[in-house]
Amino acid sequence: MDETGPMTVDALTDVAGVRVGHATRTGGGWLTGTTVVLAPEGGAVAAVDVRGGGPGTKETDALDPRNLVQKVEGIVLTGGSAYGLDAASGVMAWLEEQGRGVRVGPDPSHVVPVVPAACVFDLGRGGDFRARPDAATGRSAVEAAAASAFGAEVAQGCVGAGTGAAVGAMKGGVGTASVVLPSGITVAALVVANAAGAVVDPETGVLYGELFQGRVRYPEQRVHEAACRRLAETAASNAAPPLNTTLAVVATDAELSKAQAQKVAGTAHDGIARAVRPVHLLHDGDTVFALATGVRALDAGDPLALNSVLAAGADVVTRAIVRAVWAAESVEGVGGVWPAYRELYGE
């Protein structure tokens, strides 16, 4: 597929040149994984905005607009809490082998790949507290991304960093969505939904995020009541600690400065707040990264051109969270089964 051509898979990979790879570990005490977003070769302008009270991150200071690094080659989202951030080491090693990173010496191979990373809490959900991503997991994920075709569909649900994700007492996961603006600029998001807050309206059973997407079909009351009973039983049996995080990467092919990209990351948190209630809690590590590949210039004559990108970033994050919850499947974990939304409420 032409790397610069239009992409239409409703995923982060609709931003030309951006690829996604998952490494998933299940069984034998494992329920975790890593997801890598690989930028086009040469990197993309990157920024971050952290709103949760308990973040687990790596190399996020480098993304401050005041600091030296302008572009990154990839971003790592991983399970395993702070232990899982070691997955970024595997990605860094792979990038070094490709000669991709910040040039620091006279030889083209003298590079330091800057690999920002953020983690979700899923420790012990598969049964083994020590079963968590490491450098080898990160390498598997980045190799999967590199091997994928440009514009490839992205696996959603219980994969990669969303393998052990949960939203309240329900199964979470990975979701992605995209939109092409009237200007031709593409804005897309990939999320890992692993929230301490709820994604379901307790009165109706509708996903909060769907309330922002137009007409909603409400579940029958009997179905909702049965789902509530099931979730209450799951919450009581799992007794999982409320240490959770929603992660997102918002990418665009617009030409943005680091400061503008940071604004995109900040307003994208609105998309989380629409789909998760409450949000940005003390035990959350809610973190949004922004990537800008710079293929399309903003209309210099339109003072609202950036605003359209900002608004779209929040919208695709909301939709990606909804898709993550719909794509998730029920999974056996500690204390029993983590039920999926579509099992509880039907298709």
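Note on Q70/Q98: beta-carbon distance plugged into 1/(1 + (r/R0)^6) with R0 of 25 Å gives a FRET efficiency of 0.85. Find the relative contact order for the chain and round it to a whole percent, using C-alpha pairs within less than 8 Å whose residues are 6+ positions apart. Value for the chain: 24 percent.
Once both labels are positioned 7 Å from their Cα atoms along Cα-to-Cβ, the gap between S257 and S183 label points is 1.5 nm. Roughly what percent of Cα-Cα pairs across segment 1-131 reach past 23 Å? So the portion of pairs separated by more than 23 Å is 40 percent. Where the alpha-carbon atoms of segment 170-213 are placed on the principal axes, they occupy 39, 20, 12 Å, in descending order.
Looking at segment 12-341 alone, DSSP beta bridges between its own residues are antiparallel in about 80 percent of cases. Rounded to the nearest 10 square angstrom, E220 shows an accessible area of 100 square angstrom against a 1.4 Å probe. For segment 336-347, backbone phi angles converted through the Karplus equation (6.51, -1.76, 1.60; θ = phi - 60°) give residue-by-residue couplings of x, 9, 7, x, 8, 4, 5, 6, 6, 10, x, 5 Hz, Gly and Pro being listed as x. Each peptide in 178-191, 297-310 receives the mean, over its residues, of other Cβ atoms within 10 Å, and ordering these scores from highest gives 178-191, 297-310. Bridgeable lysines around K258 (alpha carbons under 28 Å apart, same-chain partners fewer than 8 residues away excluded): K58, K71. With coordinates expressed along the principal axes, the C-alpha atoms belonging to the chain extend over 64, 47, 38 Å, beginning with the largest.
Could you work out how far helix 258-275 tilts from the main Cα principal axis of the chain, as a 0 to 90 degree angle to the nearest 10? Helix 258-275 sits at roughly 10 degrees to that axis.
Note on exposure: M92, M170 ranked by accessible area (1.4 Å probe, complete protein assembly) read M92, M170, with the most exposed listed first. Computed over the Cα atoms of segment 119-251, the ratio of the radius of gyration to the Kirkwood radius (Rg/Rh) comes to 1.02. Just so you know, the averaged projected area of the alpha carbon convex hull for segment 83-123 sits at 3.0 nm².
Comparing V167, V112, V48 in a Gaussian network model of the chain, where Cα atoms under 10 Å apart are tied by springs, the biggest mean-square fluctuation is seen for V112.
If R0 is 45 Å, the Cβ-Cβ spacing of R130 and L304 corresponds to a FRET efficiency of close to 0.30.
Subtracting the Cα-Cα distance of A146 and T204 from 0.36 nm times their residue separation leaves 16.6 nm of extension gain. The Cα atoms of segment 230-347 define a convex hull whose projected area, averaged across directions, is 9.0 nm². Just to be sure I understand the curve: with the Debye formula and one point per C-alpha of segment 112-155, what is log10 I(q)/I(0) at q = 0.14, 0.19, 0.26 Å⁻¹? So the normalised log intensities are -0.51, -0.84, -1.06.
Please say if segment 285-347 is rounded, prolate or oblate, where rounded means a/c under 1.5 for a ≥ b ≥ c the square roots of the C-alpha gyration tensor eigenvalues, and otherwise the choice is prolate for a/b larger than b/c and oblate otherwise? Note, shape of segment 285-347 comes out prolate.
Against the chain, whose longest principal axis is taken from its Cα atoms, helix 305-327 shows a tilt of about 40°. Taking the Cα centre of the chain as origin and assigning +1 to Lys and Arg Cβ atoms and -1 to Asp and Glu Cβ atoms, the resulting dipole is close to 520 debye.
The modelled label-to-label distance between A297 and D61, using points 7 Å beyond Cα along the C-beta direction, is 3.7 nm.
Spacing of the modelled spin labels on V337 and Q221, each 7 Å from Cα toward Cβ, amounts to 2.7 nm.
The values are calculated or read from the model by the stated rules, or taken from the named source; none is laboratory data. Being a predicted model, the structure only gives us computed values, none of them experimental. Neighbour counts are summed over all protein chains in view; Cβ atoms, including those assigned to glycine, are modelled from backbone coordinates with ideal geometry. These accessible areas exclude ligands, DNA and RNA; they are computed on the full protein's heavy atoms, side chains included. Shrake-Rupley method; radii C 1.70, N 1.55, O 1.52, S 1.80 Å.
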